[in-house]
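Below is one structure, written out as structure tokens, with a few remarks after it.
The numbers here are math on the coordinates, done by the rules we state, and not lab data. Worth saying up front: this structure is predicted, and the values here are computed from it rather than measured. FYI the Cβ positions are ideal-geometry reconstructions off the backbone, even for glycines, and counts take in every protein chain you see.
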Amino acid sequence: MNVLLILIPVSLILAACGLVAFVWTLHSHQYDDLDGDAWRILVEDEEP
């Protein structure tokens, strides 16, 4: 039972860190152009 007193706060802190990281990626526009990155891999670069 004493283990729960440690595990519950630790899991809540880790969940809060994950939520903060997700919100930070939303505000830094990480998910704006998902299709562009996928197509950029398939398109060959033109040589000069």
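Tabulated results
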{"read-out": "Helix axis angle, 2-27 relative to the chain longest principal axis, alpha carbon, degrees", "value": "30"}
{"read-out": "Computed label-point distance, nm, for sites Glu44 and Val3 using a 7 Å Cα→Cβ extension", "value": "5.8"}
{"read-out": "Student exercise, the chain dipole from Lys, Arg, Asp, Glu Cβ charges, in Debye to nearest 20", "value": "760"}
{"read-out": "Kirkwood estimate for the chain, i.e. one over the average of 1/r between Cα atoms, Å", "value": "14.4"}
